[in-house]
Amino acid sequence: MKVLVADKFEKSGIEGLKAAGCDVIYEPDLKEDALTQAIAAGGADILVVRGTRVTAPMLEAGRLSLIVRAGAGYNTIDVAGASKRGIYVANCPGKNAIAVAELAFGLLLAIDRRIPDNVVELRGGAWNKQEYSKAQGLYGRTLVLLGVGSIGQEMIRRAAGFGMNVVIWSRRFNSQRRPLTDIEAREMGIDSVLRSIAIELAPTPAEAVSRGDIVSVHVALSPETKGLVNAALLAKMKPGTILINTARGEVVDYAALASAVKERGLRVGLDVYANEPASAAAPFADDLVGLPGVYGTHHIGASTDQAQEAIAAETVRIIRSYKETGRVPNVVNLARRTPATHMLVVRHRDRPGVLAHVFNHLRQASLNVQETENIVFEGAEAAVARINLDGEPPSSLCQKIKSENADVLDLQLVKLSVRKKQTGEPGDQEKF
């Protein structure tokens, strides 16, 4: 299996892929047309990227069957295009959570104590203690988290260390206004902090930000979250609120944010931007980052040695699993619900041609197979095939499948109810 790594990647990851028996091509500077040509010419089965954009021409150029985003967000990959071509897309969620949370708190401290401005004046030969002695401090203040996945949970742990209270808005809590329960905190791995700080749920982003002194954004980019922090939401924040964005630039309306900085004194820490250059070193211009009270970093949230080693190890695990079992951990583009309406359950002898017999009859009836699995019993004498179909096979077809092959031992038809599709519970059954 040939793996093309088209981004900076840890040496341990390269060695891990080779140890797994992969043929590794390491070309970290490939971008755009050059990457498309490399995919076409090199015959790679798997593509590994970090921030490199993966476009439709790249997907169509060669024989890719898996793309691994060596990180969490995958908005730089044409996921819809990959799905149309049957290409798996997988990511490495949570492996950079600590690194991003550390940077978010670094930006927060830098804003509160104006550390970059201190450094600039000292380097310029000026001593200005009177000016830089002004700071509010973090203890006892309220941190609002928009999103509480792996990074948000790491933010809570660090907020507890600073003695900050926390307000959470997350779709997982279904618009509720109440304290976080002990059970929920335990499931998130933050139960120990409930003894020292208050953690409240807010039903909407607007209510959440209205209660905070600091707002930190940790939602994934999606059609629902694009522009989440807009002019209306910014208007709900108190004057002087600190806003931190280490998620994705497109989640925040930066034009509206610039106005809020000028008119209401919001202070801002950014690691992500909507107009980021494609390469690691390039000219960059954004009016927002030049405003007083706005501090920016270069999209480096995940760029610690610890995080990159963890991501490399997870990338190797994903590819090794795919190579050895055909299964892809962390896949992001499989259908949650297919058009299947019925499941055909075929108990059969484990003999050549039995499933071909079944599928041939289904093909003749123009029934499309949405999902299938074949489970073999101990001794490899018998098996059960579960075949999800996009329509109901007539009774006569089921009878033909059973009667025309002696190795078909039994056959059942299960109607897939909505609940069945969501939970795997059986619906109505008919036996033949």
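The values are calculated or read from the model by the stated rules, or taken from the named source; none is laboratory data. The structure presented is a predicted model; accordingly, all values stated were derived computationally and were not measured. As a convention, Cβ positions derive from the backbone with ideal geometry for all residues, glycine included, and neighbour counts pool all protein chains shown. These area figures cover heavy atoms from the full protein model, side chains too; ligands, DNA and RNA do not enter into them. Shrake-Rupley method; radii C 1.70, N 1.55, O 1.52, S 1.80 Å.
Descriptive notes on the structure:
- Global form of the range 328-401, assessed from the alpha-carbon gyration tensor, a/c cut-off 1.5: oblate
- For the range 73-218, alpha-carbon Rg relative to the globular expectation (2.2 N^0.38 Å, N residues): 1.29
- Geometric descriptor of the range 1-44, per residue, is 46 Å³ (volume of the convex hull of the Cα atoms).
- Accessible area of Met164 in the full protein assembly, 1.4 Å probe (Å², nearest 10): 0
- Dividing the mean sequence gap of close Cα pairs (under 8 Å, 6+ apart) by how many residues the chain holds gives a relative contact order of 13 percent.
- Global form of the range 172-310, assessed from the alpha-carbon gyration tensor, a/c cut-off 1.5: oblate
- Springs join every pair of Cα atoms under 10 Å in this Gaussian network model of the chain, and among Glu187, Glu373, Glu154 the largest mean-square fluctuation is at Glu373.
- Dipole of the chain [Lys/Arg +1, Asp/Glu -1 at C-beta], most positive-end residue of Ser83, Asn330, Leu108: Leu108
- Percent of Cα pairs exceeding the 33 Å cut-off, where the set is the chain: 50
- Helical segments meeting 18 Å axial Cα length and Kyte-Doolittle 0.5 threshold in the chain (DSSP H): 97-113
- Relative contact order of the range 184-245, defined on C-alpha pairs under 8 angstrom at six or more residues apart (%): 39
- Of Lys84/Lys323; Lys84/Lys402; Lys8/Lys95, those spanning more than 25 Å from alpha-carbon to alpha-carbon: Lys84/Lys402
- Using the average count of surrounding beta-carbon atoms within 10 Å as a protection proxy, the listed peptides 69-79, 111-121 rank, highest first, as 69-79, 111-121.
- Value in Å of the Kirkwood radius, where the range 15-81 supplies the Cα pairs that are averaged: 12.4
- Estimated [θ] at 222 nm from DSSP helical runs (n ≥ 4, -39500 (n - 2.57)) normalised by residues in the chain, nearest 500: -10000 deg cm²/dmol
- Per-peptide average of other Cβ atoms within 10 Å, ordering 189-200, 271-282 highest first: 189-200, 271-282
- Highest average first, the peptides 346-359, 140-153 ordered by how many other beta carbon atoms sit within 10 Å of their residues are 140-153, 346-359.
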